[in-house]
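Encoded as structure tokens, the structure appears first; notes follow it.
The values are calculated or read from the model by the stated rules, or taken from the named source; none is laboratory data. Since this is a predicted model, take the numbers as computed values, not measurements. All Cβ positions, glycine included, derive from the backbone under ideal geometry; neighbour counts span all protein chains shown.
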Amino acid sequence: MFDPELPWQRARSVALRPEPFGALVYHFGTRKLSFLKSKTLVRVVETLADHPTATAALLAFEVPEPQRASYVKALADLARSQMIERRSA
Amino acid sequence: MTAVLPSRPAERPTGGRLIDQFEYGLDAPICLTWELTYACNLACVHCLSSSGRRDPRELSTAEAEAVIDELQRMQVFYVNVGGGEPTVRPDFWHLLDYAIGHDVGVKFSTNGVKLDKARAAQLARTDYVDVQISLDGATAEVNDRVRGTGSFATATKALENLAEAGMKDFKVSVVVTRENAGQLDEFKALTDSYGAQLRITRLRPSGRGADVWEQLHPTMAQQKDLYSWLLANGDNVLTGDSFFHLSAFGEALPGLNLCGAGRVVCLIDPVGDVYACPFAIHENFLAGNVRSPGGFQQVWQNSELFADLRNPQTGGACTKCQHFDSCRGGCMAAKFFTGLPLDGPDPECVQGYGESALAARDTELVTPRSHLDHSHTGPVRGQPTLLGMPAIPPAKICDESPLAGLQLG
Ligand code: SF4
Ligand code: SF4
């Protein structure tokens, strides 16, 4: 389960490739591809590790309240596919 | 020279569906096929690259390493390696290790000729490598008619070796034809028996495939059955998203329903030429060469041809079709090599518009042919019999046995 109030980071075996619409995400372990469909989401994922919680990362990029839910859902999807992982605080 | 392409708008939208973004192309390909050699021990009748003989201009080991370095810089995370038969290149195993060592995973297709127990064990120990064994019949009879006598035995031996070595996630790769379309369940059972995964893809009239397409492409009834089968079994079967034209039967098939040529897909051929798609080896779809200044990146990002391809289609008969959103007019290569316009229906359009378009072709029409043909020029051991050619005919009756062919008694 993805809890945005916990510390997260881009998974260690995951690489992001910048693309005009956002980024392509690749997991070298599961060999799965995924896509980040906005540049803000790319920045959020890149900097998850610098923030105490995922929510803090969203706030840092001033993701407006009405969009927050869709960002949390995108992060939850990434957590499910192991693209981001829990960090020990 | 570039292909005559439908007119399209040029501005990339922000946001929206991924598929719409893909139509405008990416900074690097997602699905890059790299054919390492035109040399092949077999002579399959439908070979998409008309392979057989090695091209003397083939990229050297050092040049191939330089391509890998570049793919690493461009963050192309994996390549689909094929040929020809890639494993007959003496440096194949070195290039495999080199790619993996440079964060470029390898999925390679092989007929299995070099996959003995030792190689199978080596592959099982290697991360980031995927193997696909090609098989075009669930029985030797059906397979060997198109791939050549003994090729079923070679492929199944390789599968056995991989299974025994404990290789994970290897694939059996099938091109669906009129002759094997009824064997889908058998293919699934065969694949399961090796603990492998089944991958089925579409036959295109590319390379030597053009010569047999009329005879081998699935009938409309078979396409319908295939569609139902995919809806029922799709979760456990890979398709390379190659059957998206079937989506026009109704519900869209899962996956990426668009022609990715030059947008997310491309081919690097054995001599370093870059084509929009592995099924489009033709001058009209040749974008450049990795040996030229700026290398592959320059070709991918700046070639005129790819810029032309990177727009959504807005005109042509298909855009008025109610199934256009899921079918997207089908496969560019299939249209091109059957002499149909690129903005019209696919020759296998499931609404039947392809058949009428094929029938309406000018009787004088000469369908486009690739400028390249590396087919073996002489007979090949175990030559396929589909075209009615006997496997290696003896030059004279008495070369085989002095009594052969003689009606005695
Ligand atoms: S030309 Fe055909 S095979 Fe190639 S990317 Fe387009 S749809 Fe796929
Ligand atoms: S007319 Fe074109 S878009 Fe419609 S089903 Fe046929 S190929 Fe697909």
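Structure data summary
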{"quantity": "Residues within the range B:358-372 that are surrounded by 14 or more Cβ atoms within 10 Å (Cβ to Cβ) and touching a Gly at 6+ places or on another chain (Cβ under 6 Å), tallied", "calculated": "0"}
{"quantity": "Selection count where residues are buried (at least 17 other Cβ atoms within 10 Å of the Cβ) and either touching an Asp or Glu at 6+ places or on another chain (Cβ under 7 Å) or touching a residue at least 40 places away in the same chain (Cβ under 8 Å) (or both), scope the range B:290-302", "calculated": "4"}
{"quantity": "Any hit, the range B:163-170, residues being away from ligand 1 (no atom under 16 Å from the Cβ) and modelled with pLDDT under 95", "calculated": "yes"}
{"quantity": "Test for residue B:180: is it more than 14 Å from every other protein chain (Cβ to nearest Cβ) and either more than 20 Å from the chain's Cα centre (by Cα) or within 16 Å of ligand 2 (Cβ to nearest atom) (or both)", "calculated": "no"}
{"quantity": "Close pairs from the range B:315-331: first more than 14 Å from chain A (Cβ to nearest Cβ), partner within 6 Å of ligand 2 (Cβ to nearest atom) and of a type in the set (Gly, Ala, Ser), Cβ under 6 Å, at least 6 apart", "calculated": "B:318/B:329; B:323/B:248; B:327/B:248"}
{"quantity": "Near pairs, Cβ below 6 angstrom, 6+ apart or cross-chain, from the range A:6-18 (facing chain B (nearest Cβ under 10 Å)) to any residue that is of a type outside the set (Phe, Trp, Tyr) and not in a strand (DSSP E or B)", "calculated": "A:17/B:75"}
{"quantity": "For residue B:338: the one exception among (1) over 19 Å from residue B:264 (Cα atoms); (2) at pLDDT below 95", "calculated": "(2)"}
{"quantity": "Within the range B:21-35, considering residues that are part of a loop (DSSP other than H, G, I, E, B) and more than 14 Å from ligand 1 (Cβ to nearest atom), the one nearest to the chain's Cα centre (by Cα)", "calculated": "B:28"}
{"quantity": "Failed item, numbered, when residue A:6 is tested on (1) aliphatic (A, V, I, L, M); (2) modelled with pLDDT under 95; (3) more than 18 Å from residue B:18 (Cβ to Cβ)", "calculated": "(2)"}
{"quantity": "Top-ranked residue of the range B:332-354 - restricted to ones that are more than 10 Å from ligand 2 (Cβ to nearest atom) and surrounded by fewer than 22 Cβ atoms within 10 Å (Cβ to Cβ), ranked as nearest to the other protein chains (Cβ to nearest Cβ)", "calculated": "B:342"}
{"quantity": "Members of the range B:84-107 found to be in contact (Cβ under 8 Å) with a residue 12 or more places away in the chain and within 14 Å of chain A (Cβ to nearest Cβ), listed by number", "calculated": "B:99, B:100, B:102, B:103, B:104, B:105, B:106, B:107"}
{"quantity": "Sole residue being crowded, with 16+ Cβ neighbours inside 10 Å and part of a helix (DSSP H, G or I), chosen from A:69, A:23, A:57, A:49", "calculated": "A:57"}
